[in-house]
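Asker: Quick one: this structure, given as structure tokens, is what I'll be asking you about.
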Amino acid sequence: MHVRTIAAAAAVTLGAFSASAHAFNPQPEPPGFGIVSVNADQTIRLNVVCWEHDVAGLPPTPCSGELMFHDMAGNIVARQIVRLRPGGAALLDFSLGARTSPATLVGIDPCWIPDPTSGRALPTVEVFDTASGRVARHVNPLTPRITFIDGDLRAR
């Protein structure tokens with residue numbers, strides 16, 4: 001019985017030392033999307049809007065960053081640098097076109113990389129039929145809340 005007690009105490013002690021530590025990152029991560037599937041008849045569009053409203057008494061500021069699409073191998077297939085005034089918007093389109101057969105789905109990774117001094121920008125992605133313009137899907141990113149201000153990461 002004594003051996004089991006020592007073994008249990010050792011397991012508890014080792015468990016306490018093996019617990020992972022989490023460091024505080026005051027810089028919130030940029031909004032992130034997952035892979036979005038498109039085919040040759042579709043266009044994928046990455047939209048970004050620069051937030052134009054005061055948050056917690058702080059006025060809006062200009063937004064800048066880079067819109068881009070990656071293929072499944074990580075290659076950049078389209079990119080655009082943007083500088084927006086509060087309330088401004090930009091978009092970046094990418095189409096596969098004749099590069100693939102119409103039945104083939106291709107994974108595209110949309111990215112919004114904000115400049116470190118950028119104001120709050122809200123990105124979204126949509127996939128639409130290139131010929132008709134009919135929207136097939138609309139994707140919102142996993143994004144920090146708009147109330148993250150000056151390193152104050154309290155979600156409200």
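Asker: Can you confirm whether A89 is under 11 Å from V48 (Cα atoms) and at pLDDT 90 or above? Steps first, answer last, please.
Answerer: Values: under 11 Å from V48 (Cα atoms): yes; at pLDDT 90 or above: yes.
Yes, satisfied.
Asker: Starting from residues that are surrounded by 14 or more Cβ atoms within 10 Å (Cβ to Cβ) and hydrophobic (A, V, I, L, M, F, W, C), keep the ones in region 54-68 and report whichever is nearest to L105 (Cα to Cα).
Answerer: Checking each candidate, the answer is M68.
Asker: Right, next: Could you please let me know if L92 is in contact (Cβ under 8 Å) with a residue 40 or more places away in the chain and under 20 Å from R120 (Cα atoms)?
Answerer: So L92 passes the test.
Asker: Collect the residues in region 129-144 that are outside any strand (DSSP E or B) and modelled with pLDDT of 90 or more, keeping them in residue-number order.
Answerer: Of the residues in region 129-144, the ones outside any strand (DSSP E or B) are 130-134, 140-141, 143-144.
Within region 129-144, T130, A131, S132, G133, R134 meet the criteria.
Asker: What residue, among those in region 63-86 that are within 16 Å of the chain's Cα centre (by Cα) and among the charged types (D, E, K, R), is modelled with the lowest pLDDT?
Answerer: So the residue we want is D71.
Asker: Based on this model, can you work out whether D71 counts as closer than 17 Å to E126 by Cα, surrounded by fewer than 17 Cβ atoms within 10 Å (Cβ to Cβ) and touching a residue at least 12 places away in the same chain (Cβ under 8 Å)?
Answerer: For D71, the condition - closer than 17 Å to E126 by Cα, surrounded by fewer than 17 Cβ atoms within 10 Å (Cβ to Cβ) and touching a residue at least 12 places away in the same chain (Cβ under 8 Å) - is met.
Asker: Are any residues in region 97-130 loosely packed, with under 12 Cβ neighbours inside 10 Å and within 28 Å of T61 (Cβ to Cβ), and if so, which ones?
Answerer: Scanning region 97-130 gives P116, T117.
Asker: May I pose another question? Being hydroxyl-bearing (S, T, Y) and part of a strand (DSSP E or B) is the filter here; which residues of region 83-117 pass it?
Answerer: Residues of region 83-117 that are hydroxyl-bearing (S, T, Y), as a first pass: 95, 100-101, 104, 117.
Across region 83-117, the qualifying residue is only S95.
The values are calculated or read from the model by the stated rules, or taken from the named source; none is laboratory data. These figures come from a predicted structure and were not determined experimentally. We place every Cβ from the backbone using ideal geometry, glycine too, and count neighbours over all the protein chains shown.
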